[in-house]
Each structure stands twice: as C-alpha cells, then as structure tokens.
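I have placed the structure first, in the form of structure tokens, so that the comments after it can refer back to it.
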Amino acid sequence: MKFAIALVALFCVSAISAAPTKEPSPFAQAIINLAEGVVKQLEKQIPDWDPKATLEANLLKVVDKPLESGVIPGWNPQASIRDNLVSALETYIKNLKVEGLDETKPVAENVKVVVADLFEKLPVPAFFPKDQIEAQIVANVIELLKKVQLKGFDVNKTVDDDVAVVVDDSLADVKGLDPKASLEDFVNAALKNFLAQVKLPGFSPDKTLEDDVAEVLTNLLKNLPF
C-alpha cells in the first residue's frame, strides 16, 4: 500500500504553531482527494478499524489486540520494549512499499521519493509545471521537518536514526509508569505520548485519520504557486 503521505503525517513530531488556512487550489484539492481515497482503501484493510472513530482510538485498538492475545508479530521477548517499538515503526515504514524509499538514507532524500511517488498517481496535464510544484512541496516538507523540536532529530540523518529519536522521546515520559504495569499499559502510554507530541498544523489524535490527512495536507499545500 503506497500510503506515502502517512509517512509525513505520522513520522513528523514538531512544535509548530498552526497558521490560518485558505481554501486549497483545485490542484491542491486533487492531491487531498487522492490522499483521502488512499486512506479509505487502507482503512478497509485494517481489521476492526472504524473510519468514524478517532485516530487515537483506532491505533490503540490495533495495538491492543495482539497484546491481549499474546501473539505479537515480530516481537522479540529477548529485546527491550524500546528496541521492539523502533523495530515496529521501521517495519511500518518498509511496508509502505514506496518505490525507492530507503530507511538507511537521509530523511530529506526520502521526502523527495515520497513526493515523487505521490505525483506519479496524479493525472497531471503535460503543460502543468510538475517539476516546479514537486520541488516546492519537497522544500515545504523539509522546512517543516527542520522545525521538529526533538534532541537529535535531523533531516540529514537516516530514517532509521530519526525513528530511534522519535521512539526515545515518546518513551521519555513513560518512565514514571508503575514498574508492575502490564506491557499493554506501557505500550499504550508510549503511543498516547507520541500522538500528543505531533504538533503538525491541522493534526489531532482526536480526529479521524482521513480528517487529519486532509487538514495536514491543506496546511502543507497552501503556499504553492498554483
């Protein structure tokens, strides 16, 4: 599933203040509509996912089911919770199956790959300044990522390295959890902490995934010259 824009929406953790938005242009709206369509298809493939429920509620449900059953794909009981969470997030990124996406390369390089993959799906007319618009979107995303306020996060580091930074920061506030707490409680606390730190303009864990993707994209595309 080439759900490329989810990489931007879920991987970025920042402290950016939301800015006023304007109505998206027809081309920007086409990108938003495409992303919403991909989201709807993705949601149909996730067992028990409720498209009308909040992102946080759905993610907790997806996480809790394997934890409750005791069968966690890819979980290594010999490894730490931190290492297992890093592995899980890296596996998710790999499963996006975006051609050319390489988690061992810098984030900035992968942003170009993600945007190019998105544009391949758009019915762009031959006369449209595709290269110019694609370059501007890449610049906007990279500028957004440079404002991520996590110690050690850097767009010039590899995706794998920055994933570790995101997980470490998400777990930082979970250290005070009762040592006797269950694995489920620990992972849920880490997930809620991660979602609470995502400060992308338009993003909220209390919205549906579709609404989050649409609003994040609306903010991201508002300054494009078309």
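Would you please name the residue that is farthest from the chain's Cα centre (by Cα), looking only at residues in the stretch 45-86 that are among the polar types (S, T, N, Q) and loosely packed, with under 10 Cβ neighbours inside 10 Å?
Looking at the filtered set, the residue picked out is Q78.
Which ones in the stretch 87-113 are part of a helix (DSSP H, G or I) and more than 14 Å from the chain's Cα centre (by Cα)?
If the condition is that a residue be part of a helix (DSSP H, G or I) and more than 14 Å from the chain's Cα centre (by Cα), then S87, A108, E109, K112, V113 are the ones that fit.
Just give me the residues in the stretch 121-150 being assigned to a loop (DSSP other than H, G, I, E, B) and either in contact with a Pro (Cβ under 8 Å, 6 or more places away or on another chain) or closer than 21 Å to E103 by Cβ (or both), in sequence order.
V148, L150, listed by residue number.
(1) in contact with a Gly (Cβ under 8 Å, 6 or more places away or on another chain); (2) more than 28 Å from Q41 (Cα to Cα); (3) open to solvent by less than 20 Å² (accessible area, probe 1.4 Å): which one isn't true of V165, the others all being true?
(3)
Within the stretch 68-78, does at least one residue satisfy the condition of being under 19 Å from D169 (Cα atoms) and in a helix (DSSP H, G or I)?
No.
How many of the residues making up the stretch 168-177 are open to solvent by less than 70 Å² (accessible area, probe 1.4 Å) and either over 17 Å from the mean Cα position of the chain (by Cα) or at pLDDT below 75 (or both)?
Count: 4.
Would you please name the residue that is modelled with the highest pLDDT, looking only at residues in the stretch 178-226 that are open to solvent by 50 Å² or more (accessible area, probe 1.4 Å) and basic (K, R)?
K207
The values are calculated or read from the model by the stated rules, or taken from the named source; none is laboratory data. Being a predicted model, the structure only gives us computed values, none of them experimental. Here Cβ is always computed from backbone atoms with ideal geometry, including for glycine, and neighbour counts include all displayed protein chains. Protein only, heavy atoms only, side chains kept; ligands, DNA and RNA dropped before computing areas. Shrake-Rupley method; radii C 1.70, N 1.55, O 1.52, S 1.80 Å.
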